[in-house]
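The values are calculated or read from the model by the stated rules, or taken from the named source; none is laboratory data. What you see is a predicted model; the values in this text were computed from it and never measured. Every residue, glycine among them, receives a Cβ derived from its backbone with ideal geometry; neighbour counts consider all protein chains shown.
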Amino acid sequence: MVAMDVFDRFLFAYTIGAHIILVTLSISLIVIITIAEFIGIRKSDQHYITLSERLTKVFVISFGVGTASGIVMAVELINLFPPFMTLVSKTGAIALFYAEVFAFFLETISLVIYVYYRKAFTGKYTHWIFAVLIATGTLLSAVFITMVNAWMNSPNGFNLQQFISTGQVTGIDPWAPFLTSTTLAQIAHVVTTTVFTGSMIIGAYFAYKYIKSKENDEKTFYSKGLKLTAAVSIVGIILSGITGSHEMGTLLTYQPLKYAAMELNYLPGSNMPERVFGFLQNGQYLWGLVVPNAQSLLATLETGSGNVPGLTQFPSSVWPPLLIHTSFDIMVIGGLFIGLFLFIVTVMWLLRKKPFTVKYILYSQVAAAVLSMIVYELGWVTDEVGRQPWIVYNVMKTHTAVNLTPTLLIPGLFIIVFYAVLLPVTFYFFARVFNSGKLADELSGKETRGGVNY
C-alpha cells in the first residue's frame, strides 16, 4: 500500500503540474489576443483581427477547462491538506483567495461581453477595452495565487512563534499577506516567465502551421502570428532573466537554506564557485563542472555581498531534497539555450533576414517551445520541493498537514487518469477550433466573426 502522505503530495504535484500548462496558455493567449486586436485596429490589418478572433475561440475553451481544473485544485487543497487550509482560513492569507475570486469575476464578466456582444460597440477601441479587462482579470488571478505561494515561502500576518509553540493563531493582520518579503520578486518572475512560456508554445503552433501551409494567404497569416509571439517572447526572456536574478537575491536573504541546496553549498563562504550538476557525498562535491568564484560574483551583483550560505548552517532534518540542484541547473541551462535561439532570431530580424521563413528557425521554434515548458515546470519543482519539509516555511511541516485517510486513494487515481486524458484532448480541440472556418472568408470579412452568430 502506498503511504498516503507520499500519495497526497504526488497527487497534488501531478495535478498542479497539469494545471500549470493550461494556466500558462490561458494567460499568454489573452495577452496575444489583446495585442493582436490592437495592432489590427491600429493598422487596419485584417490578418491581426482574424488572428485575435481565432485565438479567442481557443481562449474560451482554455478558460473553461482551466476553471474546472482550478476547482479540482481547490478541492484537493481542502481534502489533501486540511490543517494547512485551517491555518490559511484563520489568518489573513484567506483574503488572498477572496481577492483571486474578484479577479476571476472580472475576467468572466468581461469575457462574456467580449465574445457575445462584439457588434454592440460602435467605438473603434471599445470592444478591445474588454480584452484589456479580461487580460487584467487573468493576470490578477495569477498575481493573487502567486501571493499565496509567496506567503507560504515567507509567512506573516500572525504571531508565528505563538503558533509554533502553542498552535494558537494570534496577532492577525489581514493585510500583511498581500506583501511579504518575497512577494514582489515572485510576482515579477512568475508573470514574466508565464507569458514568455505561453507565447513560445503559441509561436510553435504557428511555426508548425507555416511549415504545412501551401497558400500565400496562410503563410502571411501565420508569419504575422509568429512575429507577434516572437516579439512577446524576446521581451519575456529578457525580463525573465532580470526577475530571475532578483529572485535569487531574495532567496539569499530570506530563504538561505533553499539557496544553499539549489547551489549545492555544503559549507558557507566567499569566493564560492558555481557548481553545475554533480552531487554531494559525505560533504564532498563530485562529478560536476566547477566555475571558480562565479557563484560569489553573481551573489555580489544580486545582493552586494559575495558571502553565501551553506547546508551545514542548518539541521540536516530540515534540508530539502538536494535534487533541486539538478532541476535548477537544467532550468538555467535550458533557459540559456532558449535565450540563444531568440538572440539569433533578433539578430536576423535586425538584419532583415526574415527569420520565420527559414526552416531551421521554424523547427527550432517548436523545439524551443517544448524546452520552455520543461524549464517552466522545473522552476516550480525547484521552488516547491526546495521549501520542503515545510508547507509553510519554518511554521508548518508538510507531513503534519497531509490527510492520511486511505479513502482518498481511489478518487486520486481517477484524477490522475482524468488529467492524462484531458490534456491531449484539450490540445486537440484547441487545434480544431482554431482551424474551424475558411481563412480566406475570414480575411475578406465574409464569415461571422468571433465564432458567434449574432
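At-a-glance table
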item: Within region 43-63, tally of residues that are closer than 18 Å to Gly123 by Cβ and surrounded by fewer than 20 Cβ atoms within 10 Å (Cβ to Cβ); result: 2
item: Conditions (1) modelled with pLDDT of 95 or more; (2) surrounded by 15 or more Cβ atoms within 10 Å (Cβ to Cβ): number failed by Phe434; result: (1)
item: Pro424 being without any contact (Cβ under 8 Å) to a residue 60 or more places away in the chain and within 28 Å of Thr56 (Cβ to Cβ); result: yes
item: Qualifying residue in region 116-126 (condition: in a helix (DSSP H, G or I) and surrounded by 19 or more Cβ atoms within 10 Å (Cβ to Cβ)); result: no
item: Residue under evaluation Gly304, criteria (1) of a type outside the set (S, T, N, Q); (2) free of Cβ contacts under 8 Å to residues at least 40 places away in the same chain; (3) crowded, with 16+ Cβ neighbours inside 10 Å; (4) closer than 27 Å to Thr146 by Cα, criterion not met; result: (3)
item: Count of region 390-429 residues which are surrounded by 14 or more Cβ atoms within 10 Å (Cβ to Cβ) and outside any helix (DSSP H, G or I); result: 10
item: Any hit, region 272-281, residues being modelled with pLDDT under 90 and either assigned to a helix (DSSP H, G or I) or surrounded by fewer than 15 Cβ atoms within 10 Å (Cβ to Cβ) (or both); result: yes
item: Test: residue in region 288-308 that is in contact with a Ser or Thr (Cβ under 7 Å, 6 or more places away or on another chain) and part of a loop (DSSP other than H, G, I, E, B); result: yes
item: Single residue of Ser223, Ser199 found to be under 30 Å from Gln365 (Cβ atoms) and modelled with pLDDT of 95 or more; result: Ser199
item: Qualifying residue in region 161-178 (condition: under 26 Å from Val332 (Cβ atoms) and part of a loop (DSSP other than H, G, I, E, B)); result: no
item: Residue in region 82-100 that is touching a Leu at 6+ places or on another chain (Cβ under 6 Å), in contact (Cβ under 8 Å) with a residue 12 or more places away in the chain and of a type in the set (A, V, I, L, M, F, W, C) present; result: no
item: Looking only at region 161-171, and only at residues there that are of a type in the set (A, V, I, L, M, F, W, C) and surrounded by 13 or more Cβ atoms within 10 Å (Cβ to Cβ), the one that is nearest to Lys397 (Cα to Cα); result: Phe163
item: Filter result for the condition that a residue is assigned to a helix (DSSP H, G or I), among the small types (Gly, Ala, Ser) and either touching a Pro at 6+ places or on another chain (Cβ under 7 Å) or surrounded by fewer than 19 Cβ atoms within 10 Å (Cβ to Cβ) (or both), over Gly70, Gly66, Gly92, Gly40; result: Gly70
item: Residue check for Leu55: assigned to a helix (DSSP H, G or I), within 30 Å of Phe178 (Cβ to Cβ) and in contact (Cβ under 8 Å) with a residue 12 or more places away in the chain; result: no
item: Any chance Lys214 is within 30 Å of Arg54 (Cα to Cα), among the basic types (Lys, Arg) and crowded, with 16+ Cβ neighbours inside 10 Å; result: no
item: From the options Thr108, Thr146, residue that is in a helix (DSSP H, G or I), surrounded by fewer than 16 Cβ atoms within 10 Å (Cβ to Cβ) and out of contact with any strand residue (DSSP E or B) (no Cβ under 6 Å at 6 or more places or on another chain); result: Thr108
